[in-house]
1. Report the full-extension gain for the segment residue 125 to residue 248: residue separation times 0.36 nm, less the Cα-Cα distance, to one decimal in nm.
2. Applying 1/(1 + (r/R0)^6) with R0 = 35 Å to the Cβ-Cβ distance of residue 319 and residue 3, what FRET efficiency is obtained, to the nearest 0.05?
3. Do the sum for the chain: with -39,500 (n - 2.57) for every DSSP H run of n ≥ 4, divided by all residues, what is the mean residue ellipticity at 222 nm, to the nearest 500 deg cm²/dmol?
4. Using a/c under 1.5 as the rounded threshold, could you call segment 384-447 rounded, prolate or oblate? The axes a ≥ b ≥ c are square roots of the C-alpha gyration tensor eigenvalues, and prolate needs a/b larger than b/c, oblate otherwise.
5. Just the ratio, please: alpha-carbon radius of gyration of segment 1-111 over 2.2 N^0.38 Å, N its number of residues.
6. Considering only Cα-Cα distances, which of the following residue pairs are longer than 21 Å: 323/456; 4/323; 4/450?
7. Taking H placed 1.01 Å from N in the peptide plane, check which residues at least 5 places from residue 457 or on another chain put their amide H under 5 Å from its amide H.
8. Net charge around residue 514, counting only other residues with Cβ within less than 14 Å of its Cβ (Lys, Arg = +1; Asp, Glu = -1)?
Amino acid sequence: MLNKPVLVESLIVFIIVLCVHAVVWDRYSWCSVALAIQAFYVQFKWDRLLQLGGAVFQFRTAANSGLLPASMVIPLLGIAMKERCKSAGIVYFERFGIVVASTGMLVALFLSVIAVGITKPVPTNTCILTGVAGSIIIYTMKHSLTVSEVIEVLEVLLIFVYLSMILLYLLPRCFTPGEALLVLGGISFVLNQLIKRSLNVIEGRGDPIDFFLLVAVVGVILLGLFFTVLFVFMDSGTWISSMFFHMMTAVLGLGVIMPWLYRLIQRNPLFWLLQFLFLTQTRVYLLVYWTFLAASACGIVFYQNAKRSSESKKHQASTITRKYFHFIVVATYVPGLIYDRQLLYVAAVLCLAVFIFLEYIRYFRIKPFGQTLRHLLSLFLDERDSGPLILTHIYLLLGMSLPVWLFPRSCAPKGILSGAGALVPYAGVLAVGVGDTIASVFGSTMGEIKWPGTKKTFEGTMTAIFAQIIAVALILIFDSSVNLNSSYAWILVSVSLVSLLEAYTTQIDNLLLPLYLQIMFMA
């Protein structure tokens, strides 16, 4: 029996795909449509495998597979980037967009083939659809990519295969298949880009903040893999193991990560970072303001834990309480987007590294703070944190930061896109910080009419759309660099579709919604 919410979610994704390709129709559009159709059929095979426990790895069970919405994100991002850079005449990044789109299609197709291969009996019709879609994609790649670009796509696919086998085994129930596709696909692409750029370093070529992002992401992932293997052979909760953890973190950081970054930016990373952070007075003011907000967030965590009585150990923070952090994040990102986006870019990378490092301390029970972090954060768990890792706060940071990190600065005159594209860096603020937060608060307190088959309410979705339109108006008032050029209808359609997707998706909305809103704004 077909799941109605999944059908509606799929319909919304199909509409987004068609909207994007109504603006941008070329040979890659046929590939996207073919990929979407086959992913729609295959995701029901994944859902059946998850229900019967027949999947190769343990995935998050409180959600559907999410294969269709996840499969379309990377290809659509690549196609939108290609068109923006093509119109700007930047050939290098136009080709880069084609590589991103091709990589996303091939990785999504690989996940589909796995589902078809382990489904018994073999689904003949789905096999035919997957074969047709694969043929169209491979044929298009053959006539679009150079040999070096084909090799790059295959390298990312190979990294994705190995990362999937390692991380999905080590982290059971942390992801759905769709979330694994997005997260592991992104990490695979970042790792491949870092290897490629490290082998082809040209002095003065490339932005140091881009290298900083690549090295930081790969560094913390490799750090986690190293300690995961290490603590198989020793108890991570002892003082000796904890001292070894901190010592090896310093050794790997100063002995591997810092020299790696030095090779890429051709200067001392610590001196560069300090000079960058305190370059202007505006940056100092922003850093002081962000420090105050970080302290406020910590204060909320301590206060909520202090309210938890000893008789109610199973008490969990309410939805409204958890949304306090969304408001704090909006207050953090908006001034950065208005006054200094480069500082926001680097600060978000630092924050991501700190969040992941603290999660390692919590997960491995590293003394002296591991057990304390477990106790403090357990109050804010929800059904999405069903695995050994707590990832919702990291997803929130990623959802707000990805539009800033993925913004095609090189293809934007003076760093600003025209029309709805000017709102691309604000996609996380609008989709997660405003839309998701308002929908959740108003839906849980005032909502009465539920969308069929979901817990989300009509009132929550409508207030989310209205709040995002107001937020766009405020951005126009306070950010003089934003010029929408009469693209208001497209913005309304984009916001409405993403808000409807929020109502029906069971995936991590903090990660999925900003990416789809960014795609719509870039198209």
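1. Numbers: separation 123, 0.36 × 123 = 44.28 nm, distance 5.23 nm.
Extra length available between residue 125 and residue 248 comes to 39.0 nm.
2. Numbers: r = 24 Å, r/R0 = 0.68.
Working from the Cβ atoms, E equals 0.90.
3. Working: 20 runs with 373 residues, N = 523.
My calculation for the chain gives -24500 deg cm²/dmol from helical runs alone.
4. Working: a/c = 5.26, a/b = 1.59, b/c = 3.32.
Oblate.
5. Numbers: Rg = 15.5 Å, N = 111, 2.2 N^0.38 = 13.2 Å.
Cα-based Rg divided by the globular estimate yields 1.18.
6. Details: 323/456 16 Å; 4/323 28 Å; 4/450 14 Å.
Over 21 Å apart, Cα to Cα: 4/323.
7. 451
8. On the way: positive: none; negative: 436, 502, 509.
Summing Lys/Arg as +1 and Asp/Glu as -1 gives -3.
The values are calculated or read from the model by the stated rules, or taken from the named source; none is laboratory data. Please read all numbers here as calculations on a predicted model, not as lab measurements. Positions of Cβ are generated from backbone atoms using ideal geometry, with glycine treated the same way; all protein chains shown enter the neighbour counts. We work out accessible area using only protein heavy atoms, side chains counted, and drop any ligands, DNA or RNA first. Shrake-Rupley method; radii C 1.70, N 1.55, O 1.52, S 1.80 Å.
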